[in-house]
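S.K.: Right, I'll just put the structure down here and ask away after.
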Amino acid sequence: MSPLELFRRNQKVTMTFLILLAMFAFVVLPTVSTYMQQNQPGMSDPVIAEFNGVSLTASRVSGFTQKHYATTQFLRKLAEETIRRGGMPQVPGFSVDQTSNQIQSVGINGAPSDDMSIITMQFAAQAQAEGFELDDFALEQWLNEYTNKLLSQREIFAMLRRETNNQMGQYLLDDMLRKLLLASICIRGADVRVSQGQFPLHSPLDHWKNFLKLNQKATINAYGL
């Protein structure tokens, strides 16, 4: 092989190597870098709050905020439909401006934000730790009073899927209402009445105190005069 042919051959090998190196630098390296960043703990989804040993990541808080917003918007539409049918939501916290007939409050916290999401999750957990509960029946009663019993459960959840583009169903709505209503116990520092707007939620300690009031007995020694 002549020196010229050897030079040309080496030149081709060098060019091929440079092309492969460029492909690696512009295609492979960015992909590897992105993968490592996504899988590095705390980098792609950092923990932004902690309480009682529970870590709240940015994605979890953001997801809760989005569902809170969707729930608020749905309840507003549900209230409008109830009013259109001649009724009025009968749950605590719901209010309408008497002058403009505009809905002022939908009965739950109407200001979704990441900060509020953290507070809601923390206070809902605190309320449950103290023994407060809202079962499925209580939530069903709350929705019945919200719609003045003018909409069936099937109509309510059909509207929910339509208004949220099938992003929320009954399970997610119940979960959001449960957390928001339980959190309001701690946030407002007052009794939250759910079914028919009549009875307050009581903790197990409250029930025990009421039991003692009705069942405590005292023994005394009496002497006739």
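S.K.: With the requirement that a residue be open to solvent by less than 20 Å² (accessible area, probe 1.4 Å) and modelled with pLDDT under 95, what does the range 161-173 give you?
M.R.: Those that are open to solvent by less than 20 Å² (accessible area, probe 1.4 Å) and modelled with pLDDT under 95: Thr164, Met168.
S.K.: Next up: Of all residues in the range 175-206, count the ones that are modelled with pLDDT of 55 or more, surrounded by fewer than 18 Cβ atoms within 10 Å (Cβ to Cβ) and of a type in the set (D, E, K, R).
M.R.: Going through the range 175-206 one residue at a time, the tally reaches 3.
S.K.: On to the next question. Condition first: touching a helix residue (DSSP H, G or I) at 6+ places or on another chain (Cβ under 8 Å) and open to solvent by 80 Å² or more (accessible area, probe 1.4 Å). Now tell me which residues in the range 74-99 satisfy that.
M.R.: Passing the criteria: Lys77, Gln90.
The values are calculated or read from the model by the stated rules, or taken from the named source; none is laboratory data. Quick caveat: nothing in here was measured; it's all calculated off a predicted structure. We place every Cβ from the backbone using ideal geometry, glycine too, and count neighbours over all the protein chains shown. With ligands, DNA and RNA removed, areas are computed over all heavy atoms of the protein, side chains included. Shrake-Rupley method; radii C 1.70, N 1.55, O 1.52, S 1.80 Å.
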